[in-house]
Amino acid sequence: MTIRAAIYCRISQDRGGAGLGIARQEEDCRKLCERKGWEVVEVYTDNDVSAYSGAPRPAWQEMIRDVRDGQVNAVVCWHVDRLTRSPRELEDVIDLADRHGLELGTVSGEIDLATPTGRMIARMLGAAARHEAEHKAERQRRQRRQAAEAGKIAGGGKRPFGYEDDRITVRESEAEIIREGARRVLASESLASICRDWQKRGITTTAGIPWKPSALRRMLASARISGRREHTPRSSWETTRPLLGVIVADALWPGIISHEESDRLRALLSDPERRRRVEGSTRRSYLLSGILRCAKPREDGTPCGFGMVGRPRSGVPRYVCPNTPGTDACAGTATNAERTDAHVRDMILTALDSPAVRERLQRPDEEGSGLYEEIRADEEELEELARDFGSRKISRKEWMIARQSVEERLERNRAKLSKTSKATVLLDFVGTYEDMQERWEKLNDSQRRAIVTSVVRSIEVGPANPRKRWDPDRFIFDWIA
Ligand SMILES: [Zn+2]
């Protein structure tokens with residue numbers, strides 16, 4: 001009877017690939033078949049999936065099927081650890097040897113699965129390979145963790161922005177850019193707006209490409225720029241690396257921004273609400289969309305209350321109460337966008353040009369300190385609760401109840417933090433009316449929106465007065481005291 005052999009090759013990272021490229025594995029296996037007088041009917045190759053990780057191996061599955069169907073009655077591989085690292089899979093192979101008389105050929109020494117000794121050797125080799133893989137994974141995990149705790153430099157890739165190639169010396173020209181970015185984000189400017197500005201100024205990442213909001217977000221949220229080492233256990237990387245790791249130590253390199261600024265940035269940038277509020281607004285070319293509210297009375301006398309949006313008519317920019325099907329917007333109010341923007345600007349600059357406002361801004365804000373620790377702690381608690389629910393330590397009802405109070409506190413603290421952060425925008429902006437007018441002209445929409453929303457909650461727009469072309473009395477400001 002001719003022996004019809006299948007050659008099984010596998011690439012994986014776990015042996016450093018030393019001498020075990022696919023071509024080499026196949027060549028050695030073919031030589032072995034030649035020596036034994038076996039006919040090679042098929043070569044099965046799995047790419048880049050570790051037999052240990054449990055990832056599906058399509059070629060392996062196919063080969064096992066072919067063995068069961070009797071098309072193949074020998075399997076040849078380089079070493080047992082190429083074949084499989086899962087004891088269960090090895091038992092499958094041994095079982096096939098029993099029932100179908102499957103023969104096994106390995107280049108690195110003969111194993112006869114038909115004999116008890118051969119099986120024992122196969123099992124031992126399999127167990128040793130598995131142990132090696134587990135041990136190595138554990139060692140790597142421990143090394144990463146220890147390096148993190150020692151504040152050591154995380155290796156690999158390009159040098160981080162703000163530091164020289166040694167990853168320790170601060171590159172002052174870039175450090176200045178980081179500080180600027182941090183200031184602007186804390187002042188409620190959107191990441192997209194900062195990236196656009198940097199692109200205009202030719203500021204790129206260390207890879208020489210323009211900054212994207214996602215990259216900027218990651219950099220500014222990193223503990224690295226505050227001279228601290230953070231650690232993200234690999235197991236928590238689901239699809240992408242989480243934005244925040246755990247800060248485990250002071251790093252060997254100096255910080256570019258303070259710990260406090262970094263904590264604030266981390267809290268703000270990980271807040272999903274901010275994303276909607278600040279980043280969502282960059283697509284808006286109308287400064288006041290959503291801030292203006294339609295106040296036209298309905299039939300029952302209550303105001304419409306719908307957020308007005310930008311809709312040009314015959315090329316003239318306007319804010320309108322939208323005619324959106326499925327909503328109860330009245331679609332009965334419109335106002336010229338340019339004149340409205342100018343009016344709102346004047347009202348806001350006038351309000352800001354007052355001793356009371358300046359005094360309020362200069363009052364040291366004690367409320368802000370400690371907020372980010374509380375926010376972070378609450379976020380962790382939420383995660384823990386979710387885990388407890390996931391592992392059935394608590395019931396769904398218990399989870400919902402516990403979650404609610406944490407979420408409420410979290411929301412309050414985030415609102416507070418956003419308010420104190422907004423005060424920082426104003427601090428840089430506020431001055432005499434003329435100064436502010438000059439500064440206003442230089443701001444982009446995102447920055448202007450940050451100013452507007454830091455002083456007014458919303459602006460009601462009453463119905464148009466048919467006798468007046470422009471009527472500033474239509475606008476009622478809901479000031480933030
Ligand atoms: Zn309306």
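List of remarks:
- Any hit, the range 211-218, residues being of a type in the set (D, E, K, R), surrounded by fewer than 17 Cβ atoms within 10 Å (Cβ to Cβ) and assigned by TED's automatic domain parsing to the domain that holds Pro254: yes
- Pairs, first open to solvent by 30 Å² or more (accessible area, probe 1.4 Å) and within 16 Å of the ligand (Cβ to nearest atom) in the range 324-350, second part of a strand (DSSP E or B) and of a type in the set (A, V, I, L, M), C-beta under 6 Å, six or more apart: Ala334/Val320
- Qualifying residue in the range 259-272 (condition: at positive phi and surrounded by fewer than 20 Cβ atoms within 10 Å (Cβ to Cβ)): no
- Every residue from the range 105-152 that is in contact (Cβ under 8 Å) with a residue 12 or more places away in the chain and touching a Gly at 6+ places or on another chain (Cβ under 7 Å): Ile111
- Ile121 vs. criteria open to solvent by less than 20 Å² (accessible area, probe 1.4 Å) and of a type in the set (Val, Ile, Thr): no
- Hey, Arg414 at pLDDT 85 or above and touching a helix residue (DSSP H, G or I) at 6+ places or on another chain (Cβ under 8 Å) or not: no
- Residues (open to solvent by 40 Å² or more (accessible area, probe 1.4 Å) and hydroxyl-bearing (Ser, Thr, Tyr)) located in the range 308-323: Ser314
- Here Arg266 fulfils each of the conditions (1) within 11 Å of the ligand (Cβ to nearest atom); (2) modelled with pLDDT of 85 or more apart from (1).
- Of everything in the range 311-323 that is in contact (Cβ under 8 Å) with a residue 12 or more places away in the chain, assigned to a loop (DSSP other than H, G, I, E, B) and within 10 Å of the ligand (Cβ to nearest atom), the residue that is farthest from Arg293 (Cα to Cα) is Pro322.
- Subset of the range 197-206 [open to solvent by less than 60 Å² (accessible area, probe 1.4 Å) and outside any helix (DSSP H, G or I)]: Gly202, Ile203, Thr204, Thr205, Thr206
Residue-wise test of (1) among the acidic types (Asp, Glu); (2) at pLDDT 75 or above; (3) closer than 19 Å to Glu260 by Cβ; (4) assigned by TED's automatic domain parsing to the domain that holds Thr432.
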| residue | (1), (2), (3), (4) |
| --- | --- |
| Glu359 | yes, no, no, yes |
| Gln362 | no, no, yes, yes |
| Glu380 | yes, yes, no, yes |
| Glu384 | yes, yes, no, yes |
| Arg387 | no, yes, no, yes |
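- Counting the residues of the range 338-357 that are touching a strand residue (DSSP E or B) at 6+ places or on another chain (Cβ under 8 Å) and at pLDDT below 90 gives 1.
- Of all residues in the range 417-428, none are open to solvent by less than 90 Å² (accessible area, probe 1.4 Å), assigned to a helix (DSSP H, G or I) and modelled with pLDDT of 80 or more.
The values are calculated or read from the model by the stated rules, or taken from the named source; none is laboratory data. From a predicted model like this one, the values you see are computed outputs, not experimental measurements. Positions of Cβ are backbone-derived with ideal geometry, glycine not excepted, and every protein chain shown enters the neighbour counts. For the accessible areas, the whole protein counts, side chains as well, though only heavy atoms, and no ligand, DNA or RNA atoms are used. Shrake-Rupley method; radii C 1.70, N 1.55, O 1.52, S 1.80 Å.
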